[in-house]
């Protein structure tokens, strides 16, 4: 932390880019703490006296509760390094006159990469093929067994259906077009004029019924929780695949397990789960045609660099009295 007490005091508990922190340290008195291992209120990590001097807080997993806001009488800005500031009591901030800023699309590219990796891993059965190879099953007795066992369809000419056409969904669409796929999508908040030829907007039922691969990218809300239930899953073709690197709760868990047990779709790939960490005895673990990764969609140093740049812009605008980009309204 810089010794110049006239600088605005800023507490940073999010993972942060070192070079960006050095540059900010010339204009702000930064206190940088390691991120919490999980959701933890800041007043459980720091005393009220330690919190009191801060005028801005930058956080990701740490919780800025009403009690934290009350402990920071000088607080004027909270930057949540997320697209949705679920770790911040926004009502308490609003009442105290504290601006809340988010860092949207910070992980959009790497999440899109992971989602499309799940598509490829699922339809080409690469995880199962690797396990087979490592087990010593590839033998001179049956050298072409893998060629027969791990067959998968080509993506060229197939249809990718997106549930959600926001920042991640659009990037997944770009990757799909590079593989020669057709892309359709359902998003009640998107406009066709904004998407051009990237995604053709259709109904949710059409996405589920007409796609060879369905990928979930809608934000989680009261309206989207359980959006993909038994009725929607029943529309999937038996040759289709379902991928979710977005939010687990958008798909009804019991309905999903039911269709997988029935062999009603060709396979699935998931990076997000209703309970995390995923219990080892969860039904999904037992399916050979399901690819599982441990919620690593945003696991990239590029994400840290991206949100650090957005944080720096927010702090600079705030200190200069300029309008805040990505500030919550109201």
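Do the conditions hold for residue 149, that is, is it touching a helix residue (DSSP H, G or I) at 6+ places or on another chain (Cβ under 9 Å) and farther than 28 Å from residue 105 by Cβ? Let's see the steps before the verdict.
Working: touching a helix residue (DSSP H, G or I) at 6+ places or on another chain (Cβ under 9 Å): yes; farther than 28 Å from residue 105 by Cβ: yes.
It is true that residue 149 is touching a helix residue (DSSP H, G or I) at 6+ places or on another chain (Cβ under 9 Å) and farther than 28 Å from residue 105 by Cβ.
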Notebook entry, point to check: How about the range 203-221: which of its residues are in a loop (DSSP other than H, G, I, E, B) and either modelled with pLDDT under 95 or crowded, with 16+ Cβ neighbours inside 10 Å (or both)?
Noted result: 211, 212, 217, 218, 219, 220, 221
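What do you reckon, is residue 26 out of contact with any helix residue (DSSP H, G or I) (no Cβ under 6 Å at 6 or more places or on another chain), more than 20 Å from residue 311 (Cα to Cα) and free of Cβ contacts under 8 Å to residues at least 60 places away in the same chain? Full working, then the answer.
On the way: out of contact with any helix residue (DSSP H, G or I) (no Cβ under 6 Å at 6 or more places or on another chain): yes; more than 20 Å from residue 311 (Cα to Cα): no; free of Cβ contacts under 8 Å to residues at least 60 places away in the same chain: yes.
Here the answer is no, as residue 26 does not meet what is asked.
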Margin query: Suppose we keep only residues that are touching a residue at least 40 places away in the same chain (Cβ under 8 Å) and not in a strand (DSSP E or B) within the range 29-60. Which one would you say is nearest to residue 318 (Cα to Cα)?
Written below: 55
Check: Residues 167, 154, 129: which one is within 27 Å of residue 218 (Cβ to Cβ), surrounded by fewer than 20 Cβ atoms within 10 Å (Cβ to Cβ) and not assigned by TED's automatic domain parsing to the domain that holds residue 84?
Finding: 167
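Being over 27 Å from the mean Cα position of the chain (by Cα), closer than 21 Å to residue 325 by Cα, modelled with pLDDT of 95 or more and surrounded by fewer than 19 Cβ atoms within 10 Å (Cβ to Cβ) is true for just one of 55, 95. Which residue is that? Steps first, answer last, please.
Working: 55 fails: surrounded by fewer than 19 Cβ atoms within 10 Å (Cβ to Cβ).
Just a single option satisfies the conditions, and that option is 95.
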Checklist line | Residues (in a loop (DSSP other than H, G, I, E, B) and touching a helix residue (DSSP H, G or I) at 6+ places or on another chain (Cβ under 7 Å)) located in the range 314-325 | finding: 323, 324, 325
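Residues that are assigned to a loop (DSSP other than H, G, I, E, B), touching a residue at least 12 places away in the same chain (Cβ under 8 Å) and in contact with a helix residue (DSSP H, G or I) (Cβ under 6 Å, 6 or more places away or on another chain): does the range 77-100 have at least one?
Going through the range 77-100, the residues assigned to a loop (DSSP other than H, G, I, E, B) turn out to be 81-87, 89, 97-98.
Now narrow it down to the ones that are touching a residue at least 12 places away in the same chain (Cβ under 8 Å): 81-85, 87, 89, 97-98.
Those left that are additionally in contact with a helix residue (DSSP H, G or I) (Cβ under 6 Å, 6 or more places away or on another chain): 81, 89.
Yes, that holds for at least one residue.
Taking the stated definitions as given, is residue 21 touching a residue at least 24 places away in the same chain (Cβ under 8 Å), touching a helix residue (DSSP H, G or I) at 6+ places or on another chain (Cβ under 9 Å) and in a loop (DSSP other than H, G, I, E, B)?
Values: touching a residue at least 24 places away in the same chain (Cβ under 8 Å): yes; touching a helix residue (DSSP H, G or I) at 6+ places or on another chain (Cβ under 9 Å): yes; in a loop (DSSP other than H, G, I, E, B): no.
For residue 21, the condition - touching a residue at least 24 places away in the same chain (Cβ under 8 Å), touching a helix residue (DSSP H, G or I) at 6+ places or on another chain (Cβ under 9 Å) and in a loop (DSSP other than H, G, I, E, B) - is not met.
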Next item on the list: Restrict the check to the range 231-241 and report whether at least one residue is in contact (Cβ under 8 Å) with a residue 12 or more places away in the chain, under 19 Å from the mean Cα position of the chain (by Cα) and part of a loop (DSSP other than H, G, I, E, B).
Entry: no
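The values are calculated or read from the model by the stated rules, or taken from the named source; none is laboratory data. All figures in this text were calculated on a predicted structure; none of them were measured in a lab. Glycine gets a Cβ as well: all are built from the backbone with ideal geometry, and neighbour counts include every protein chain shown.
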